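Peer 1: Have a look at this one before I ask anything.
The values are calculated or read from the model by the stated rules, or taken from the named source; none is laboratory data. What you see is a predicted model, and the numbers here were worked out from it, not measured in a lab. Note: ideal-geometry Cβ built from the backbone for every residue, glycine included; neighbour counts use all protein chains shown.
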């Protein structure tokens with residue numbers, strides 16, 4: 001009887017510990033805000049979008065590589081973005097293109113941080129994830145819109161920035177975001193932004 005009771009108590013404690021660990025894994029490790037502007041990488045296309053983005057991050061808590069001068073790690077990011085066209089009636093925007101869109105994205109991101117001192121770490125972020133875009137056709141000048149080919153898109157990023165603060169809890173970065181369906185649909189016109197991001201990690 002005592003052994004059975006002890007086994008039950010031990011099993012209960014292990015279950016509680018497991019559930020607590022899983023719950024802790026779901027708690028975000030950071031938050032960031034991003035401001036971006038449409039980046040014209042395709043000649044002949046005239047569009048003008050502002051991108052406002054809010055993201056939350058989860059650290060993998062594992063280092064792929066670490067030395068005295070280099071740290072290779074990764075994190076997940078879940079983000080919501082709001083795109084708004086700045087074209088006016090004078091720009092003769094495409095009637096079938098939407099002037100607003102929302103994107104929900106999830107991406108693993110690889111971070112290469114350089115460690116010159118304890119509180120100042122330059123880094124490079126590279127990531128490829130998935131995004132759901134509320135609109136298929138986006139506003140631009142002239143009759144035809146930017147046709148994204150579908151709601152589901154790939155989100156690609158390349159960022160350069162710096163971590164700073166007593167525990168590297170702050171970060172600022174600048175770089176590029178690209179959205180396209182990678183040819184999985186018959187139409188794939190894509191959208192690019194250059195962005196600046198401010199982040200806080202706890």
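Peer 1: For region 122-148, which positions are more than 30 Å from residue 112 (Cβ to Cβ) and part of a strand (DSSP E or B)? Break it down stepwise before answering.
Peer 2: Our first condition is that a residue be more than 30 Å from residue 112 (Cβ to Cβ); within region 122-148, this holds for 134-148.
Within region 122-148, 137, 138, 141, 146, 147 qualify.
Peer 1: Here's a follow-up. Consider residue 85 carefully, then state whether it is surrounded by 15 or more Cβ atoms within 10 Å (Cβ to Cβ), closer than 17 Å to residue 51 by Cα and touching a strand residue (DSSP E or B) at 6+ places or on another chain (Cβ under 8 Å). Show your work before the answer.
Peer 2: Numbers: surrounded by 15 or more Cβ atoms within 10 Å (Cβ to Cβ): yes; closer than 17 Å to residue 51 by Cα: yes; touching a strand residue (DSSP E or B) at 6+ places or on another chain (Cβ under 8 Å): yes.
When the stated conditions are applied, residue 85 passes them.
Peer 1: Take the residues of region 149-174 that are in contact with a strand residue (DSSP E or B) (Cβ under 7 Å, 6 or more places away or on another chain) and in a loop (DSSP other than H, G, I, E, B): which is surrounded by the most Cβ atoms within 10 Å (Cβ to Cβ)?
Peer 2: Going through region 149-174, the residues in contact with a strand residue (DSSP E or B) (Cβ under 7 Å, 6 or more places away or on another chain) turn out to be 151-164, 168-174.
Still in the running and in a loop (DSSP other than H, G, I, E, B): 151, 168-169.
Values: 151: 14, 168: 17, 169: 13.
Out of the qualifying residues, it is 168.
Peer 1: Continuing with the same structure: Restricting attention to region 37-59, does a residue exist that is modelled with pLDDT under 90, loosely packed, with under 10 Cβ neighbours inside 10 Å and within 21 Å of residue 108 (Cβ to Cβ)?
Peer 2: Kept after step one, since they are modelled with pLDDT under 90, are these residues of region 37-59: 41-46.
Filter once more, keeping what is loosely packed, with under 10 Cβ neighbours inside 10 Å: 43-44.
This time we only want the ones that are within 21 Å of residue 108 (Cβ to Cβ), so: none.
Within region 37-59, not a single residue is modelled with pLDDT under 90, loosely packed, with under 10 Cβ neighbours inside 10 Å and within 21 Å of residue 108 (Cβ to Cβ).
Peer 1: Report the residue count in region 177-198 for those that are within 14 Å of the chain's Cα centre (by Cα) and closer than 21 Å to residue 134 by Cα. Don't jump to the end; show me each part of the working.
Peer 2: First, the residues of region 177-198 that are within 14 Å of the chain's Cα centre (by Cα): 177-179, 192-198.
Filter once more, so that each one left must be closer than 21 Å to residue 134 by Cα: 177-179, 192-195.
Matching residues across region 177-198 total 7.
Peer 1: Just to be sure I understand the filter: pairs with C-beta atoms under 6 Å, separated by 6 or more residues or on different chains, first member in region 99-111 and outside any strand (DSSP E or B), second member at pLDDT below 95. Which pairs pass?
Peer 2: As it stands, the answer is 99/139, since those pairs meet every condition given.
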